[in-house]
Amino acid sequence: MQIGVPKETAPRERRVALAPDSVARLVKAGTKVVVEHGAGRESSFTDEAYSTAGATLGSAADALNSDVVAKVQRPSATEAGSLKSGAIVISLFQPASAGDVLPVLAQRSVTALSLERVPRITRAQSMDVLSSQSTVAGYKAVLIGASMMPKFLPMLTTAAGNIAPAKTFVLGAGVAGLQAIATAKRLGAIVSAFDVRPAVKEQVQSLGATFVAPDAIAADAEDKGGYAKEQSEAQQKRTAALLHDHLKQIDLVVTTAQIPGRPAPKLITAEMVADMRPGSVIVDLAAETGGNCTLTKAGETIESNGVLIYGAVDIPSTVPTHASQMFGRNVLTLLQHLIKDGAITINLEDEIAGPMCVVYQGQLRA
Ligand code: NAD
């Protein structure tokens with residue numbers, strides 16, 4: 001069996017689907033891995049590192065002509081047309097917007113596994129790229145915010161006087177938010193956080209941050225999958241009043257709140273921004289799904305009343321070495337689950353592969 005790793009072609013995508021450490025494990029298990037020349041360059045993995053790991057270097061066509069193709073972003077229509085008939089392709093697909101590619105995959109009798117659809121069960125945690133890449137995003141959001149701020153994050157005691165620590169607020173404390181809290185704490189900020197799910201309060205506090213507005217959390221805020229549900233109108237109003245007050249004293253806000261399959265909840269209004277201190281910064285990690293701040297523009301930094309609002313996009317790609325290493329480990333664990341006796345089989349009854357399968361042997365299932 002041959003696994004192909006083509007170079008990513010999407011704009012601004014600097015990651016690679018398998019880093020050399022994961023390639024080495026596949027090769028050791030008896031799989032042939034073909035990596036496109038330069039596939040790891042943007043992530044600082046040289047062709048030599050892949051050769052040492054046991055991979056064969058080749059062209060894009062060589063990598064695409066494999067039994068299994070591992071990618072970060074879904075294949076373009078051109079790439080899809082170059083896949084081997086009957087191949088399996090594994091990537092982030094964003095199936096809702098993949099209308100141009102999925103029919104091409106179907107025509108080629110391909111099976112496509114969408115990494116966004118790894119079920120959130122304990123057994124599949126190590127295959128979950130949304131979690132691993134959220135960890136990267138939460139970390140980097142704080143660094144981006146810190147570098148946009150006109151202030152220090154830590155408290156400093158110097159001959160030129162004492163500097164008070166900055167106040168950081170993390171809105172939405174799931175995977176990205178908890179990593180943002182930990183990063184801001186390490187940088188010496190005073191950190192507070194809010195989330196609607198009750199389980200989060202203790203997690204926030206165990207990281208040394210204060211949980212804001214514990215009265216606004218609701219016992220029924222979490223669905224069976226561990227995700228947040230949309231708040232009722234009354235809950236939203238209560239939360240808004242509490243957040244409005246809290247934001248007046250904050251220097252750096254990192255927002256991460258998401259509802260699966262829905263636009264991001266609008267939690268910070270223009271009125272709240274108008275009451276924030278000039279020089280404060282909002283890094284909105286929910287920008288790609290509409291933003292948690294009503295003023296957010298995806299991919300842009302805007303200024304309102306002296307407050308900078310950055311609509312963060314493609315953040316994991318800005319930490320490509322470790323983002324790829326973690327992504328690759330997730331893909332490796334998935335492959336280890338799917339490969340039996342040197343061959344890969346997709347069983348639609350399987351509780352992990354079944355929900356991930358958006359095209360099965362040419363049949364559209366998205
Ligand atoms: P996410 O990206 O969907 O959302 C980020 C956070 O925003 C969540 O914590 C959510 O509760 C919060 N949020 C939503 N609406 C909000 C609002 N109105 N106000 C404030 N916060 C709001 O979620 P995520 O970070 O990917 O994961 C959520 C949880 O799922 C994790 O904390 C974890 O417990 C669980 N999880 C489980 C697995 C697994 O078992 N395999 C994998 C990943 C995550």
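The values are calculated or read from the model by the stated rules, or taken from the named source; none is laboratory data. These numbers come from a predicted model, not from an experiment. As a convention, Cβ positions derive from the backbone with ideal geometry for all residues, glycine included, and neighbour counts pool all protein chains shown. To get the accessible areas, we keep the full protein, side chains included, count just its heavy atoms, and leave off ligands, DNA and RNA. Shrake-Rupley method; radii C 1.70, N 1.55, O 1.52, S 1.80 Å.
Applying the set (1) out of contact with any Asp or Glu (no Cβ under 8 Å at 6 or more places or on another chain); (2) open to solvent by 50 Å² or more (accessible area, probe 1.4 Å); (3) within 16 Å of the ligand (Cβ to nearest atom) to F152 leaves exactly one unmet item: (3).
When region 182-203 is filtered for residues that are closer than 21 Å to K140 by Cβ, in contact with a strand residue (DSSP E or B) (Cβ under 6 Å, 6 or more places away or on another chain) and surrounded by fewer than 24 Cβ atoms within 10 Å (Cβ to Cβ), the ones remaining, listed by number, are K185, I190, S192.
Only residues that are closer than 19 Å to A70 by Cβ and in contact (Cβ under 8 Å) with a residue 12 or more places away in the chain were counted in region 337-349, giving 7. Looking at Q133, is it within 16 Å of the ligand (Cβ to nearest atom), part of a helix (DSSP H, G or I) and free of Cβ contacts under 8 Å to residues at least 24 places away in the same chain? In short, no. Listed conditions (1) under 22 Å from the mean Cα position of the chain (by Cα); (2) in contact (Cβ under 8 Å) with a residue 12 or more places away in the chain are all met by S97, apart from (2). Has region 251-269 got at least one residue that is modelled with pLDDT of 95 or more, crowded, with 21+ Cβ neighbours inside 10 Å, away from the ligand (no atom under 15 Å from the Cβ) and over 25 Å from E116 (Cα atoms)? Yes.
The set of residues in region 23-38 being open to solvent by less than 70 Å² (accessible area, probe 1.4 Å), within 17 Å of H337 (Cβ to Cβ) and not aliphatic (A, V, I, L, M) consists of G30, T31. In this structure, P165 qualifies as open to solvent by less than 40 Å² (accessible area, probe 1.4 Å), in a loop (DSSP other than H, G, I, E, B) and more than 15 Å from the ligand (Cβ to nearest atom). Looking at A323, A270, A274, just one residue is under 26 Å from K185 (Cα atoms) and in contact (Cβ under 8 Å) with a residue 24 or more places away in the chain, and that residue is A323.
What number of residues within region 295-327 are among the hydrophobic types (A, V, I, L, M, F, W, C) and part of a strand (DSSP E or B)? The number of residues fulfilling the criteria is 5.
Tell me yes or no: at least one residue of region 224-246 is in contact with a Pro (Cβ under 6 Å, 6 or more places away or on another chain), within 14 Å of the ligand (Cβ to nearest atom) and over 23 Å from Y139 (Cα atoms).
Start the filter on region 224-246 by keeping residues that are in contact with a Pro (Cβ under 6 Å, 6 or more places away or on another chain), which leaves 227.
Adding the requirement that they be within 14 Å of the ligand (Cβ to nearest atom) leaves 227.
Restricting the remaining residues to those that are over 23 Å from Y139 (Cα atoms) gives none.
No, region 224-246 contains no residue that is in contact with a Pro (Cβ under 6 Å, 6 or more places away or on another chain), within 14 Å of the ligand (Cβ to nearest atom) and over 23 Å from Y139 (Cα atoms).
Only one entry of I346, I315 meets the criterion of being open to solvent by less than 50 Å² (accessible area, probe 1.4 Å), of a type in the set (V, I, T) and within 21 Å of A137 (Cβ to Cβ), and that entry is I315. Counted as qualifying within region 44-120 are the strands (runs of 3 or more DSSP E) with 3 or more residues that are open to solvent by less than 50 Å² (accessible area, probe 1.4 Å) and modelled with pLDDT of 95 or more, namely 68-73, 88-92, 111-114.
Check whether at least one residue in region 306-313 is among the aliphatic types (A, V, I, L, M), within 15 Å of the chain's Cα centre (by Cα) and modelled with pLDDT of 95 or more, and report yes or no. Outline the logic, then answer.
Filtering region 306-313 for residues among the aliphatic types (A, V, I, L, M) gives 307-309, 312-313.
Next, from what is left, pick out any that are within 15 Å of the chain's Cα centre (by Cα): 312-313.
When the remaining residues are screened for being modelled with pLDDT of 95 or more, the result is 312-313.
Within region 306-313, one or more residues are among the aliphatic types (A, V, I, L, M), within 15 Å of the chain's Cα centre (by Cα) and modelled with pLDDT of 95 or more.
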